[in-house]
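Enquirer: Could you have a look at this structure, given as structure tokens, before my questions?
The values are calculated or read from the model by the stated rules, or taken from the named source; none is laboratory data. What you are looking at is a predicted structure, and each value in this text was computed from that prediction instead of being measured. Heads up, the Cβs are rebuilt from the backbone with ideal geometry, glycines too, and the neighbour counts pull from every protein chain shown.
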Protein chains: 2
Amino acid sequence: MSDREASMDVIQRELTSFARRARQKAAQLHPELSLVAHSMLDHMDKNGSCHAADLAGHFMLDKSTVSRQITMLEAEGMIVRETDPDDHRRQIVKPSEKGLDLLKGANRQRRASFEERFTDWDDTDVAQLAAYLRSYNAADVD
Amino acid sequence: MSDREASMDVIQRELTSFARRARQKAAQLHPELSLVAHSMLDHMDKNGSCHAADLAGHFMLDKSTVSRQITMLEAEGMIVRETDPDDHRRQIVKPSEKGLDLLKGANRQRRASFEERFTDWDDTDVAQLAAYLRSYNAADVD
DNA sequence: TGAATATCGTTGTATGCGACAACTACTAGG
DNA sequence: CCTAGTAGTTGTCGCATACAACGATATTCA
């Protein structure tokens, strides 16, 4: 196996390892906002209001999954839903005040937890890793 | 938010994105060997024979989860289990011939799929990303 | 040595995420 | 209008996981 292949093995293994732990951590960090729910709320926040279909497309999830997630988010008062006046089939979803607050708090905790494991890294390395990951996922055409 | 914080945000988001897709991909790539099962088989292979508790520790999974996973793996003939002669509470698990064959095949496919998304990367970058991830997960003490 | 304690693995039960398919409500194009 | 197509909901299923209770075995120490 070439060095390059060995590196790719490591990447796969380590990414998988992360994947296995991410949900767990999110649950510990902010039990009231699951990893999925958090991602969706985050996306709504970053992209302004959007439709359920947008979320499904962006996260590559079935619309039924998204539907249930946003139903829960709404039940907990994290988001606001309204029918799109331009197309009554669609709805516009966006974070509520409460949702935004929770998101902010969760992001703060998340960042703190990240800060912990990046203490030994200098800014260049952090930026470089971010760039790599972005590039890696961008190649994720499916 | 500082650049460093922004980078950590990206890292979190991209890693999460990877997490969300990994299982799906593994299922597409080799339907007969789920992501979890594959990781476990891989670990057994890389570390020689081991106990269920080792797997639980390494993957940060509950022992019940591991127990069910290896029960399935055994039912499908991928692994062999025997009671540890030194401690009758434990069992020693290791890949069977069939398991090793499947693992090899799965690894080949996996590598091919990886190769695809790393085509534009030079060897240095691949190695650097691998190093970053290893370092990241190593800090993952929990 | 024998009782208390700890460890390894299994099993019962519950939860959460996700998929697929069937359905309703609405829209758009002949 | 009627026929397609699209957005979202709901029913049902499977999988991975956690936690708790348990049986069997090991270990420790009074």
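Enquirer: Go through segment B:21-40 and give me each residue that's assigned to a helix (DSSP H, G or I) and under 18 Å from B:Phe114 (Cβ atoms).
Expert: B:Arg21, B:Ala22, B:Arg23, B:Gln24, B:Lys25, B:Ala26, B:Ala27, B:Gln28, B:Leu29, B:Leu35, B:His38, B:Ser39
Enquirer: Among the numbered criteria (1) at pLDDT 90 or above; (2) at the interface with another protein chain (Cβ under 9 Å from one of its Cβ atoms), which one does B:His51 miss?
Expert: Going through the list (1) at pLDDT 90 or above; (2) at the interface with another protein chain (Cβ under 9 Å from one of its Cβ atoms), B:His51 breaks only (2).
Enquirer: Name the residue, out of B:Asp84, B:Asp45, that is closer than 23 Å to B:Ala138 by Cα, of a type in the set (D, E, K, R) and surrounded by 12 or more Cβ atoms within 10 Å (Cβ to Cβ).
Expert: B:Asp45
Enquirer: I'd like to know if segment A:97-110 contains one or more residues that are in contact with a Leu (Cβ under 8 Å, 6 or more places away or on another chain), in a helix (DSSP H, G or I), surrounded by fewer than 16 Cβ atoms within 10 Å (Cβ to Cβ) and at pLDDT below 90.
Expert: Yes, because at least one residue in segment A:97-110 is in contact with a Leu (Cβ under 8 Å, 6 or more places away or on another chain), in a helix (DSSP H, G or I), surrounded by fewer than 16 Cβ atoms within 10 Å (Cβ to Cβ) and at pLDDT below 90.
Enquirer: Which pairs turn up if I take residues in segment A:99-115 that are in contact (Cβ under 8 Å) with a residue 24 or more places away in the chain and over 14 Å from B:Ile11 (Cα atoms) and look for partners that are in a helix (DSSP H, G or I) and acidic (Asp, Glu) with beta carbon separation below 9 Å, at least 6 apart in sequence or on another chain?
Expert: Partner pairs satisfying both residue conditions: A:Gly99/A:Asp45; A:Leu100/A:Asp45; A:Leu103/A:Asp42; A:Leu103/A:Asp45; A:Ala106/A:Asp42.
Enquirer: If A:Ser135 passes every condition in (1) surrounded by 13 or more Cβ atoms within 10 Å (Cβ to Cβ); (2) over 30 Å from B:Phe118 (Cβ atoms) but one, which one does it miss?
Expert: For A:Ser135, the exception is condition (2).
Enquirer: Let me ask something else about it. Which condition breaks for B:Gly48 when tested against (1) more than 12 Å from DNA strand D (Cβ to nearest atom); (2) on the phi < 0 side of the Ramachandran plot; (3) in contact with a strand residue (DSSP E or B) (Cβ under 8 Å, 6 or more places away or on another chain)?
Expert: Against the list (1) more than 12 Å from DNA strand D (Cβ to nearest atom); (2) on the phi < 0 side of the Ramachandran plot; (3) in contact with a strand residue (DSSP E or B) (Cβ under 8 Å, 6 or more places away or on another chain), B:Gly48 comes up short only on (2).
Enquirer: Then there's this: Sort out which residues of segment B:62-88 are within 19 Å of the chain's Cα centre (by Cα), part of a helix (DSSP H, G or I) and either more than 12 Å from DNA strand D (Cβ to nearest atom) or away from chain A (no Cβ under 14 Å) (or both), and write them in order of number.
Expert: Correct list: B:Lys63, B:Ser64, B:Ser67, B:Arg68, B:Ile70, B:Thr71, B:Met72, B:Leu73, B:Glu74.
Enquirer: I need every pair where a residue in segment B:23-45 that is farther than 15 Å from B:Glu76 by Cβ has its Cβ under 7 Å from the Cβ of a residue that is not in a helix (DSSP H, G or I), sequence separation at least 6 or different chains.
Expert: Listed by first residue and then by second, the contacts come to B:Ala26/B:Ser34; B:Ala27/B:Ser34; B:Asp45/B:Pro95.
Enquirer: Also, quick follow-up: Let me confirm something: among B:Ser64, B:Ser39, B:Ser34, which residue is within 13 Å of DNA strand C (Cβ to nearest atom) and either closer than 22 Å to B:Asn107 by Cβ or crowded, with 16+ Cβ neighbours inside 10 Å (or both)?
Expert: Of B:Ser64, B:Ser39, B:Ser34, the one residue that is within 13 Å of DNA strand C (Cβ to nearest atom) and either closer than 22 Å to B:Asn107 by Cβ or crowded, with 16+ Cβ neighbours inside 10 Å (or both) is B:Ser34.
Enquirer: Within segment B:1-43, can you find the residues that are of a type in the set (Asp, Glu) and within 8 Å of chain A (Cβ to nearest Cβ)?
Expert: B:Asp3, B:Glu5, B:Asp9, B:Glu14, B:Asp42
Enquirer: For segment B:111-130, what are the residues that are assigned to a helix (DSSP H, G or I), over 17 Å from the mean Cα position of the chain (by Cα) and at the interface with chain A (Cβ under 8 Å from one of its Cβ atoms)?
Expert: B:Glu115, B:Glu116, B:Arg117, B:Asp123, B:Asp125, B:Val126, B:Ala127, B:Gln128, B:Leu129
Enquirer: Within the set of pairs 6 or more residues apart or between chains, which connect a residue that is over 13 Å from A:Val36 (Cβ atoms) inside segment A:52-73 to a residue that is among the charged types (D, E, K, R) with Cβ atoms less than 8 Å apart?
Expert: A:Ala52/A:Lys63; A:Ala52/A:Arg90; A:Ala53/A:Lys63; A:Ala53/A:Arg90
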